[in-house]
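The values are calculated or read from the model by the stated rules, or taken from the named source; none is laboratory data. The shown structure was predicted, so the numbers you read here are calculated from the model rather than taken from an experiment. In this analysis, Cβ positions are derived from the backbone assuming ideal geometry, glycine residues included, and neighbour counts consider all displayed protein chains. Just the protein is used for accessible areas: all its heavy atoms, side chains included, with ligands, DNA and RNA removed. Shrake-Rupley method; radii C 1.70, N 1.55, O 1.52, S 1.80 Å.
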Amino acid sequence: MPGPVHPFTDFHKAGYSYLLFCWVVFLLYCLLYQTDQLLKTWARQRRRRNGKRRRTGNDKEYRDITTPLDMINDLLRPLEHTVTVPYIATMISLKHLLGMTLFSLINFVFCYFAPFKLHPEVESYEFPILGVLDRRAVYVCQANWSFAIILATRNNILTSLCGLTFEELVPIHRWVARVGLAETILHSVYRWWEAAYANGHWYDAFMFSEEYFSGTVSTIGYIILFVPTFNYIRRTYFRTFYYTHLVGFLLGTGGAMWHEWSCIYFFAPPTLLWIIDRMLRSYRSWYQPIELIEVEQYNEKIIHAKFTYGLLDKFRPGQYLFAAFLTGKKGWRNWIEQHGDWYPMTVSDIFKKDGDSSELAASIHIKALGDGTRNLMEAVRDEKKVALRVDGPYGPRLRYLDYEVVVLFALGIGITPGLTILKDCVEHTIRRSSVHRAYLIWSSINTDEVLPFTDYIQHCMTYSSSVQLDVTIHLTREPDHEKCRQLAKSLGCTVIQGQRPNVPERLDKIAHEAGHTNVWVHTCGSVPFMTTIINEATKHNFDFHHETFEF
């Protein structure tokens, strides 16, 4: 067993002080965010009491208050420019790159200088030798990995405190974990080298003592966890990534606690939160009432499902659910895949189940892209019995109703979150919404991919609303001119054949028509598509939100 715990060495203090510093910074941000929300809620209520909405961006009587967080965001807006870092991140803003650089420097400072107080027997600061630095670094690493565990949970109080939701915290989870990995590599490599040098054989280093053996077990666990996290493996073999993540986490964390008892101080609280999160997710998905009303195949690629779910009253447009479809395939492997494969899906509509009934139902459209969704397509086509499990909803409560102009860009099946937002805009009264104009720019392949959604668009176009709608559909590979003409006529919108949206030109035109910067942009689609829209929106100082499924 590991030796006695000495919790007040400088190694431990480096981890404690770093942990305290990070929590203080985080709680200060939470205080700033909560103040921002209180001020905006007050401004929203004042507008509703007036029974009017802001007419122009310069109308001081109805302008919402500018909060300190708004001023900070405006200052940092140029840094929202988004880039791709090969092998590291498919979409990351300059703001987040600079933030992670600063975060890495802070880690460096704590590894070298914490606890920022000289030992009584030392007269002046000396750079720590490698045998001291590696232990400082591994305790700072433990603090980082405790954060990483919390950031990977779907249900925790942090999201309510800071306003960042699960899908926004997942990229931060990756970056924090990678910094911790660099710190633990320093510790592991140095200790193995030291043991190999002392024993004369490199292979003896892994089992030199119980302490070294437990450290080897922990390191193997974390290797199993980290290797499949590279973008190519995660996106191409998600099941491999998911299950190795679970196995690696349990093996690595258990091995670390065995290796050094003081790891329990850092890992036990977040691991407990992780267990609670898993229990909540199990309760939501297996014990909340759910009924699959209908599931049908629209064409060779799209499935449409309608269902009721006990937590739909908490859903807000733009949010998403995790769904698992049970197709009844036999065999242990199929059972694991069906019960363990949870797919993030945006909701395309929320409606009352039986007209005047108070019970809500939801509609989701699924495009068959991977093995799981293709198996679902086959089951629906063969009219086999299908069951549904749902966990959610997750995602932010988007504040698009506070803006005068809402712009929705969508690519392919990415239209689904845009439809719920568009419907919400047209159905809200003037008293509860500032929106007076909404644009929908949708790029799809052909009319067959548009037909499953025509009812939703027609509902918005014909709804008696004060919101002016501008809907444009781009059909990039539709050869039939007559189909395009009929689609434009039936929906009352513009259909452009054989062209993708010219995003810079379109946003320039919207900026000119809006006449001010009170514009909110939403986008859902491929990474290049969303990156272009984010960068163009940033140039015009528009607020924006993009959907992400980089889990």
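Summary of values
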quantity	calculated
Only Lys, Arg (+1) and Asp, Glu (-1) charged, at Cβ; the chain dipole about Cα centre in debye	1380 debye
Globularity index of the stretch 177-231, i.e. its alpha-carbon radius of gyration over 2.2 N^0.38 Å	1.21
Gap separating the Cα centres of the stretch 197-255 and the stretch 139-164, nearest whole Å	22 Å
Among beta bridges that DSSP assigns inside the chain, antiparallel share in %, nearest 5	50 percent
Formal net charge of residues neighbouring G215 (Cβ-Cβ distance under 13 Å; K, R +1; D, E -1)	-3
Over the chain, volume per residue of the alpha carbon convex hull, in Å³	181 Å³
Listed peptides 343-350, 483-490 by packing density, highest first (mean Cβ within 10 Å)	343-350, 483-490
Accessible surface of the chain [probe 1.4 Å, protein heavy atoms]: carbon and sulfur percent	61 percent
Local electrostatic count, R284, Cβ distance below 12 Å [Lys/Arg +1, Asp/Glu -1]	+3
MRE, 222 nm, helices only [DSSP H, n ≥ 4, -39500 (n - 2.57), over the chain, to nearest 500]	-17000 deg cm²/dmol
The stretch 204-247: equivalent-ellipsoid semi-axes (sqrt of 5 x gyration tensor eigenvalues, Cα, Å)	28, 9, 5
Inverse mean reciprocal Cα-Cα distance (Kirkwood Rh) of the stretch 384-540, Å	16.5 Å
The stretch 173-265: radius of gyration and largest Cα-Cα distance (Dmax), Å	14.4, 43
Net charge of neighbours whose Cβ lies under 15 Å from the Cβ of E183, counting Lys and Arg as +1 and Asp and Glu as -1	+2
Selection from I445, H428, L388, by position along the positive dipole direction of the stretch 382-471 (Cβ)	H428
Size descriptor, Kirkwood hydrodynamic radius, that averages inverse alpha-carbon separations across the stretch 405-455, Å	11.8 Å
Karplus (6.51, -1.76, 1.60) ³J(HN,Hα), θ = phi - 60°, over the stretch 88-99, in Hz, Gly and Pro reported as x	10, 8, 7, 9, 8, 7, 4, 4, 6, 4, 5, x
Heavy-atom accessible area ranking, 1.4 Å probe, most first, across L273, L102	L102, L273
Using distinct alpha-carbon pairs, which all enter the 1/r mean, Kirkwood radius of the stretch 461-535 in Å	14.5 Å
Set K301/K423; K40/K489; K367/K423; K95/K367; K301/K352 screened for pairs whose C-alpha atoms are more than 30 Å apart	K40/K489; K95/K367
Virtual spin-label span in nm between Y125 and F108, 7 Å along Cα→Cβ	1.4 nm
